[in-house]
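The values are calculated or read from the model by the stated rules, or taken from the named source; none is laboratory data. Source: prediction; values computed, not measured. Please note: Cβ atoms are built from the backbone with ideal geometry, for glycine as well, and neighbour counts cover all protein chains shown.
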Amino acid sequence: MTPGRAGAGVLALAIGVWAALFASGRWGRSDPAEVLEWLVPAACAASMLGAAVAGIACRAEIWSAARAPGKRAWLLIGAAVAMALFARLALVPATERLYYDEHTYLQLARGIAAEGRASVASYGVLRNGIYHCEIGSYSHWSLGWPTALAAGFRLTGVARWTGRAMNLVLSLSSAILVALVAALLFPGARVCVAAAAIYACLPANQIWSRTSVSEVFAAFAAILAVMSAALFARSPNRRLGWLLAVSAALAAEARNETILLLPVCALMVLALGGRKPLAAAVRPGIAAVVLLWPQAAHLGYISRSYDANQVAGSGFSIGYVPGNLASVVQYLRGEPLLLAAIVLAVIGTSHARMGGSAWPLWAWLVGALLAPMVHFGGSYAFPGGERFALAWLPALSLAAACGLYAFHHSIAPHLPRWLPAAGWSLLYVAVLWTAGSHAVREDLKMAVPRRDLAFLRESLRSIPRDGVVVSSDPPAVIAEGHSTVFLTWAGAEADRLNRLAREHAGKLYYFESPSSSPRQWPDGPACHQRVMSFFRAEPVARESSPDGVRVLYRLRNPG
């Protein structure tokens with residue numbers, strides 16, 4: 001057997017093991033949750049460490065690609081990124097925008113940092129500032145971002161601002177990576193500069209870079225994977241092969257549905273390198289699939305029950321595409337800047353000067369757009385659903401940059417030399433300003449949960465640090481530095497209420513608000529009634545508003 005056939009056989013075997021692990025997680029009789037909550041974060045950490053090491057090992061190839069646009073281009077890119085940073089700090093509020101997903105990411109990261117495991121707490125305790133998940137469950141959350149955030153916590157300490165600071169850095173770094181991909185795909189410095197500037201100023205990037213959501217990290221990982229594929233196609237050596245393997249694995253771990261972007265990386269290698277890198281791509285492919293074995297079990301396991309609409313048992317189905325695409329169209333109606341970028345993208349990728357790199361770029365754009373579309377949670381109609389656009393904005397920005405280059409090339413000869421540069425600079429500043437204003441308007445959608453959280457933060461100051469809060473939103477309470485118990489866990493059995501009364505006598509509290517009402521859970525009202533009838537509830541803080549009533553009760557033991 002030739003080495004090429006042997007490698008292809010090993011790759012097929014690795015894919016077969018991946019499919020078997022998915023099937024075991026999906027249909028197996030055993031419950032792998034206790035293993036997955038340790039294994040999946042460890043696999044994500046291995047991918048991150050591998051990407052960092054491989055990036056250092058491949059610094060010569062990366063530096064060679066970066067030098068192609070020239071120093072002037074990088075000065076312009078640096079200026080554009082610096083202006084975007086200033087605009088975001090000055091105009092875009094750093095706050096929660098996705099209730100209560102961001103709190104869950106913080107809580108998962110806290111668990112990974114403190115205990116090495118990812119579990120959504122039903123009973124989470126903070127002892128001397130050290131978090132411990134007493135009772136929890138393995139949930140559907142992708143663990144790439146919580147694992148990265150846990151690493152941030154180990155450096156900065158546990159703080160709400162850590163995730164926002166990391167996302168700000170990741171978003172601006174993504175603009176630089178987009179410029180690097182542009183340098184690999186298209187000749188000329190202007191496309192690189194335009195790609196970085198467009199990506200940095202688009203409103204969705206501005207808004208979500210000031211939050212703790214996972215999509216910013218997922219976009220960064222996806223761009224890194226595409227850049228690695230382009231580098232490998234250009235020079236298929238072992239170092240770049242390892243960088244491609246670990247970055248592709250990291251991209252697939254960043255969001256549950258982004259595993260569908262792996263074929264895009266394969267297409268990028270094939271389109272840019274032809275048949276030459278195919279033999280060298282076998283080993284990186286094997287490495288990537290092996291790194292993703294834990295993710296296979298994760299995807300299989302969560303697909304057992306994570307499909308609220310019941311269209312497909314796994315949560316993935318072509319049946320979701322029409323509704324999710326309709327939500328994209330509805331979203332784009334209120335985004336004129338994105339519509340303009342799409343028009344530029346069509347012009348740019350159909351322009352004769354763009355050469356043969358246009359179709360892999362479109363493959364990246366379409367693949368990134370459709371990846372959330374086949375998942376039941378990919379609708380832009382969800383609160384904060386526009387964050388899914390971050391997956392395809394890198395490819396759109398690069399395609400739009402090609403259109404801007406073509407447009408500039410057609411008008412520049414007829415204008416004074418200084419006029420186009422001045423015009424683009426003024427347009428860039430105007431877009432940055434518009435994005436900041438847009439951010440404030442979008443934030444109003446979350447006014448009620450934000451008022452709930454403000455009340456929770458204020459009222460928790462009046463209770464002891466070792467107090468335990470019963471709540472319908474445990475991650476929000478943990479994010480504020482207090483121990484917590486999930487209402488539907490506590491109120492499910494009398495024995496649990498007795499345990500709480502015994503262990504936390506005089507230090508047990510109950511929080512209720514419009515956005516964390518027990519009515520949002522099927523068994524919530526019954527658990528609420530059981531808790532309120534078992535304890536004597538005394539209001540510690542209360543607030544009435546048009547949205548509803550917010551109350552923090554102190555639960556005293558019966559008798």
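Among the residues of region 443-463, is any in contact with a His (Cβ under 8 Å, 6 or more places away or on another chain), part of a loop (DSSP other than H, G, I, E, B) and not aromatic (Phe, Trp, Tyr)? So that I can check it myself, show each step before the final result.
We begin by selecting, within region 443-463, every residue in contact with a His (Cβ under 8 Å, 6 or more places away or on another chain); these are 460, 463.
Adding the requirement that they be part of a loop (DSSP other than H, G, I, E, B) leaves 463.
Those left that are additionally not aromatic (Phe, Trp, Tyr): 463.
Yes, the conditions are met somewhere in region 443-463.
Considering only residues that are assigned to a helix (DSSP H, G or I) and touching a Lys or Arg at 6+ places or on another chain (Cβ under 9 Å), look in region 35-59 and name the one that is farthest from Leu240 (Cα to Cα).
Here is the first cut: in region 35-59, the residues assigned to a helix (DSSP H, G or I) are 35-57, 59.
Cutting the leftovers down to touching a Lys or Arg at 6+ places or on another chain (Cβ under 9 Å) gives us 37-38, 41, 54, 57.
Details: Glu37: 31, Trp38: 29, Pro41: 25, Ala54: 8, Ala57: 9 Å.
Restricting to residues being assigned to a helix (DSSP H, G or I) and touching a Lys or Arg at 6+ places or on another chain (Cβ under 9 Å), the top hit is Glu37.
One line per residue, one yes/no per condition, for (1) touching a helix residue (DSSP H, G or I) at 6+ places or on another chain (Cβ under 7 Å); (2) in a loop (DSSP other than H, G, I, E, B); (3) modelled with pLDDT of 95 or more; (4) under 28 Å from Leu444 (Cβ atoms):
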{"residue": "Ala492", "(1), (2), (3), (4)": "yes, yes, no, no"}
{"residue": "Leu500", "(1), (2), (3), (4)": "yes, no, no, no"}
{"residue": "Val531", "(1), (2), (3), (4)": "yes, no, no, no"}
{"residue": "Ala537", "(1), (2), (3), (4)": "no, no, no, no"}
{"residue": "Gly559", "(1), (2), (3), (4)": "no, yes, no, no"}
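Being among the hydroxyl-bearing types (Ser, Thr, Tyr) and touching a Phe, Trp or Tyr at 6+ places or on another chain (Cβ under 7 Å) is the filter here, so list the residues in region 458-485 that pass it. Steps first, please.
Going residue by residue through region 458-485, those that are among the hydroxyl-bearing types (Ser, Thr, Tyr) are 459, 462, 471-472, 483-484.
Matches in region 458-485: Ser471, Ser472.
So which of Ala254, Ala288 is touching a helix residue (DSSP H, G or I) at 6+ places or on another chain (Cβ under 6 Å) and either over 30 Å from Tyr100 (Cβ atoms) or free of Cβ contacts under 8 Å to residues at least 60 places away in the same chain (or both)? Give the derivation first.
Numbers: Ala254 fails: either over 30 Å from Tyr100 (Cβ atoms) or free of Cβ contacts under 8 Å to residues at least 60 places away in the same chain (or both).
Sole residue among the options that is touching a helix residue (DSSP H, G or I) at 6+ places or on another chain (Cβ under 6 Å) and either over 30 Å from Tyr100 (Cβ atoms) or free of Cβ contacts under 8 Å to residues at least 60 places away in the same chain (or both): Ala288.
Which of the residues that make up region 1-32 are out of contact with any helix residue (DSSP H, G or I) (no Cβ under 7 Å at 6 or more places or on another chain) and under 28 Å from Ala113 (Cα atoms)?
Selection gives Ser30, Asp31.
Could you list, in sequence order, all residues of region 489-512 that are within 34 Å of the chain's Cα centre (by Cα) and surrounded by 18 or more Cβ atoms within 10 Å (Cβ to Cβ)?
Initial filter on region 489-512 (within 34 Å of the chain's Cα centre (by Cα)): 489-492, 509-512.
The answer is Trp489, Ala490, Gly491, Tyr509, Tyr510, Phe511, Glu512.
For Tyr105, state whether it is closer than 28 Å to Leu299 by Cα, aromatic (Phe, Trp, Tyr), assigned by TED's automatic domain parsing to the domain that holds Phe232 and buried (at least 21 other Cβ atoms within 10 Å of the Cβ).
Considered against the rule, which asks whether it is closer than 28 Å to Leu299 by Cα, aromatic (Phe, Trp, Tyr), assigned by TED's automatic domain parsing to the domain that holds Phe232 and buried (at least 21 other Cβ atoms within 10 Å of the Cβ), Tyr105 comes out as yes.
So which residues in region 539-557 are in a loop (DSSP other than H, G, I, E, B) and over 37 Å from the mean Cα position of the chain (by Cα)? Write out each step before concluding.
Restricting attention to region 539-557, the residues satisfying the condition of being in a loop (DSSP other than H, G, I, E, B) are 546-547, 557.
Selection gives Asn557 alone.
Being more than 14 Å from the chain's Cα centre (by Cα), in contact (Cβ under 8 Å) with a residue 40 or more places away in the chain, buried (at least 24 other Cβ atoms within 10 Å of the Cβ) and assigned to a helix (DSSP H, G or I) is true for just one of Ala222, Ala248. Which residue is that?
On the way: Ala222 fails: more than 14 Å from the chain's Cα centre (by Cα).
After ruling out the rest, the residue left standing is Ala248.
Go through Ala179, Ala151, Ala175 for me and flag whichever is small (Gly, Ala, Ser), modelled with pLDDT of 95 or more, part of a helix (DSSP H, G or I) and farther than 22 Å from Leu393 by Cα. Break it down into steps so the answer makes sense when it comes.
On the way: Ala179 fails: farther than 22 Å from Leu393 by Cα; Ala175 fails: farther than 22 Å from Leu393 by Cα.
Only one candidate qualifies: Ala151.
Does Val193 fit the bill of being over 30 Å from Leu299 (Cβ atoms) and among the β-branched types (Val, Ile, Thr)? Steps first, please.
Values: over 30 Å from Leu299 (Cβ atoms): yes; among the β-branched types (Val, Ile, Thr): yes.
Spelling it out, Val193 is indeed over 30 Å from Leu299 (Cβ atoms) and among the β-branched types (Val, Ile, Thr).
Identify, from the list Ser545, Ser533, the residue that is among the hydroxyl-bearing types (Ser, Thr, Tyr), surrounded by fewer than 16 Cβ atoms within 10 Å (Cβ to Cβ) and without any contact (Cβ under 8 Å) to a residue 24 or more places away in the chain. Please lay out each step first, then the result.
Values: Ser545 fails: without any contact (Cβ under 8 Å) to a residue 24 or more places away in the chain.
Step by step, each of Ser545, Ser533 is checked, and only Ser533 is among the hydroxyl-bearing types (Ser, Thr, Tyr), surrounded by fewer than 16 Cβ atoms within 10 Å (Cβ to Cβ) and without any contact (Cβ under 8 Å) to a residue 24 or more places away in the chain.
Please find, among Arg5, Arg26, Arg72, the residue that is in contact (Cβ under 8 Å) with a residue 40 or more places away in the chain, assigned to a helix (DSSP H, G or I) and loosely packed, with under 12 Cβ neighbours inside 10 Å.
Values: Arg5 fails: in contact (Cβ under 8 Å) with a residue 40 or more places away in the chain; Arg26 fails: loosely packed, with under 12 Cβ neighbours inside 10 Å.
Exactly one residue qualifies, and that residue is Arg72.
Just the residues that are farther than 10 Å from Val429 by Cβ and in contact (Cβ under 8 Å) with a residue 40 or more places away in the chain, please, taken from region 75-88. Write out each step before concluding.
Within region 75-88, the first condition is being farther than 10 Å from Val429 by Cβ, and the residues that meet it are 75-82, 84-86, 88.
Those that are farther than 10 Å from Val429 by Cβ and in contact (Cβ under 8 Å) with a residue 40 or more places away in the chain: Leu76, Ile77, Ala80, Val81, Ala84, Leu85, Arg88.
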